[in-house]
Amino acid sequence: MKIRMTSIPVLDPIKAYKVYTEILGFQELMYDPKERLAIIVSAEAPTETAIILEPSDNEISSTYRSALYAAKIPVMTFSTDDLKEEYIRLTNLDIRFIKTPTAVSWGWEAIFDDGCGNYLQLIQEVES
């Protein structure tokens, strides 16, 4: 089995679509603003796992998203080949990091606010 699609609960799928495509660099797989439906894929791996930017306007989703955000727990982890370069790029685009690039035993990690109600972790794995 492979993971084909997952979701991120967001406050506003239309705003999230713009952030994730125009700032973070993902590509549209499907976008229907009338239905508040946005599905994106990695520009680097467009045939791999897709992400639904899911409206969190129901009680279960809203509670889950809010609790993760309040605890500063990332809802998802993305990877990059050069975390420091990506940190500079995103910072210049006004993305707010709550954890700057930090060395860990397996590489580098950082955590940022997507501006849509979530924290996301960004990692760079380093071969040992």
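Annotations for the structure displayed:
Quick grid of which residues meet (1) touching a Ser or Thr at 6+ places or on another chain (Cβ under 7 Å); (2) outside any strand (DSSP E or B); (3) surrounded by 14 or more Cβ atoms within 10 Å (Cβ to Cβ); (4) at pLDDT 95 or above:
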site: Ala43; (1), (2), (3), (4): no, yes, no, yes
site: Leu68; (1), (2), (3), (4): no, yes, yes, yes
site: Pro74; (1), (2), (3), (4): no, yes, yes, yes
site: Thr77; (1), (2), (3), (4): no, no, no, yes
site: Arg89; (1), (2), (3), (4): no, yes, yes, yes
site: Ile98; (1), (2), (3), (4): no, no, no, yes
site: Glu109; (1), (2), (3), (4): yes, no, yes, yes
site: Gly117; (1), (2), (3), (4): yes, yes, yes, yes
site: Ile123; (1), (2), (3), (4): yes, no, yes, yes
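- Residue check for Tyr119: of a type outside the set (Asp, Glu), under 17 Å from Thr6 (Cβ atoms) and touching a Pro at 6+ places or on another chain (Cβ under 6 Å): yes
- Within segment 71-82, being touching a strand residue (DSSP E or B) at 6+ places or on another chain (Cβ under 8 Å) and either among the charged types (D, E, K, R) or over 13 Å from Asp114 (Cα atoms) (or both) holds for Lys72, Ser79, Thr80, Asp81, Asp82.
- Scanning segment 93-116 for residues that are farther than 17 Å from Met76 by Cα and not charged (D, E, K, R), we see that the one that is farthest from the chain's Cα centre (by Cα) is Ser105.
- Candidates Arg36, Arg4: the one that is surrounded by 14 or more Cβ atoms within 10 Å (Cβ to Cβ), more than 12 Å from the chain's Cα centre (by Cα), over 14 Å from Asn118 (Cβ atoms) and not acidic (Asp, Glu) is Arg36.
- Residue pairs meeting the criteria (Cβ under 6 Å; at least 6 apart or on separate chains; first under 18 Å from Thr63 (Cα atoms), in segment 109-128; second hydrophobic (A, V, I, L, M, F, W, C) and in a loop (DSSP other than H, G, I, E, B)): Cys116/Leu11; Gly117/Leu11; Asn118/Val75
- Pairs, first on the phi > 0 side of the Ramachandran plot in segment 81-97, second surrounded by 11 or more Cβ atoms within 10 Å (Cβ to Cβ) and modelled with pLDDT of 95 or more, C-beta under 9 Å, six or more apart: Asp94/Ile23; Asp94/Gly115
Rundown of residues vs (1) of a type in the set (S, T, N, Q); (2) closer than 24 Å to Val41 by Cβ; (3) touching a strand residue (DSSP E or B) at 6+ places or on another chain (Cβ under 8 Å), yes/no style:
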site	(1), (2), (3)
Lys84	no, no, yes
Leu93	no, yes, no
Cys116	no, yes, yes
Leu122	no, yes, yes
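The values are calculated or read from the model by the stated rules, or taken from the named source; none is laboratory data. Remember, it's a predicted structure, so these values are computed and weren't measured experimentally. Ideal geometry is used to build each Cβ from the backbone, glycine not excepted, and the neighbour counts take in all protein chains shown.
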